[in-house]
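The block underneath contains the structure these notes are about, expressed in structure tokens.
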Amino acid sequence: MNFLAHLWLAGPDEGARLGAVAGDFVKGALPGDLPADIAGGVALHRAIDAFADSHPAFQRSRERVTGPHRRFAGVMVDMFYDHFLAAEWPIWHPGEALPDYAARQYALLAAHRHRLPARAAPVVARMAEHDWLSSYREVDSIVYALDRIARRLKRPDAFLGCGEALRTHYAGFGEDAVAFLADAQAFARRFKTPQGG
């Protein structure tokens, strides 16, 4: 789950940022009791995911994943792009250090935890406790996070170790990430701007 990229692309609006995280916990039709501001953020999250699936750079990154891990390429690339966003944070988000940005997101999520889907609460708590967003700067953290996801699967062996692909094709994934993040930022801005606005 690439929380950092979704939070960053959501921009300054609090509802959009809450929806950026909630989007990983809401499947199918949006629940009627989901607050409107968060629902808008979930809609943006879903639009960004669809944009990624069709983006040439994202597709190139998926092609870099070979062998048994290929079926998990989408999850892997999501996490890899969070790494490159975090590693080059001053370029993408000048004026605020990543740990400060991360702390603001944790505070926001904690203050509005009661408004998020129930399944999000324990994840949000672990995210803050272990400072996931800042940790994404380190390749080792990405490898560890992907292995942690693998251990929740019925067949973890097929997914364990997939983070090593980031080391193997680091430069290529980095080039793809730069191309994608720039376009995704422009896409998110267009999505959030009302027609004619």
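Of all residues in the stretch 129-145, those being touching a residue at least 60 places away in the same chain (Cβ under 8 Å) and in a helix (DSSP H, G or I) number 4. Residues in the stretch 84-113 that are in a helix (DSSP H, G or I) and within 16 Å of A16 (Cα to Cα): Y101, A102, R104, Q105, Y106, A107, L108, L109, A110, A111, R113. Taking into account only those residues within the stretch 101-114 that are more than 18 Å from the chain's Cα centre (by Cα) and not aliphatic (A, V, I, L, M), which is least open to solvent (accessible area, probe 1.4 Å)? Looking at residues that are more than 18 Å from the chain's Cα centre (by Cα) and not aliphatic (A, V, I, L, M), I get H112. S54 falls short of the stated requirement of being of a type in the set (G, A, S), at pLDDT 95 or above, open to solvent by less than 10 Å² (accessible area, probe 1.4 Å) and farther than 16 Å from Y136 by Cα. For the stretch 115-138, a residue qualifies if it is more than 26 Å from P35 (Cα to Cα), open to solvent by less than 30 Å² (accessible area, probe 1.4 Å) and of a type outside the set (F, W, Y), and exactly one does: S134. Scanning the stretch 144-197 for residues that are at pLDDT below 90, open to solvent by less than 60 Å² (accessible area, probe 1.4 Å) and either of a type in the set (D, E) or under 18 Å from L4 (Cβ atoms) (or both) returns A145, L146, D147, I149, G163. For V77, the stated conditions hold: it is touching a Ser or Thr at 6+ places or on another chain (Cβ under 6 Å) and crowded, with 16+ Cβ neighbours inside 10 Å. Does R17 qualify as being open to solvent by 40 Å² or more (accessible area, probe 1.4 Å) and over 11 Å from the mean Cα position of the chain (by Cα)? In short, no.
The values are calculated or read from the model by the stated rules, or taken from the named source; none is laboratory data. For clarity, every value in this text was computed on a predicted model and none was experimentally measured. Positions of Cβ are generated from backbone atoms using ideal geometry, with glycine treated the same way; all protein chains shown enter the neighbour counts. Side chains are part of the model used for accessible areas, which takes the heavy atoms of the whole protein and leaves out ligands, DNA and RNA. Shrake-Rupley method; radii C 1.70, N 1.55, O 1.52, S 1.80 Å.
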